[in-house]
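Below: one structure, written as structure tokens.
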């Protein structure tokens, strides 16, 4: 996964950068295609803000978290991204599999009214 970490109003830290990279490496297993992650870490007064934009094949995931501790912000942010990835995978599974049973039910329902019409004509 290609990762870029940007620091705004905070001193760049190799510890934070490696922490983010370690957390993002877990998503490689969940994602089927290569992804690009843009992470922005910033500080405003006492708020530590972590933002991520994750771009993969046809999906773009964006999340933002703020707290009083940068590591806590990163942890919560990664949890949000994990949930969004799972939701997206489930949505794609539902979309790709289709509703095969409902199509068969619709065909049966369409055949019934035609039979009733024929019976009425013969009476």
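Since every read-out is calculated from the coordinates, none of them should be taken as a lab result. Note that the structure is predicted; figures quoted are calculated from it, not measured.
At a glance:
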quantity: Shape call, region 1-101: gyration tensor on alpha carbons, a/c limit 1.5; calculated: prolate
quantity: Full-stretch length increase - residue 71, residue 2 - with 0.36 nm per residue and alpha-carbon distance subtracted; calculated: 22.7 nm
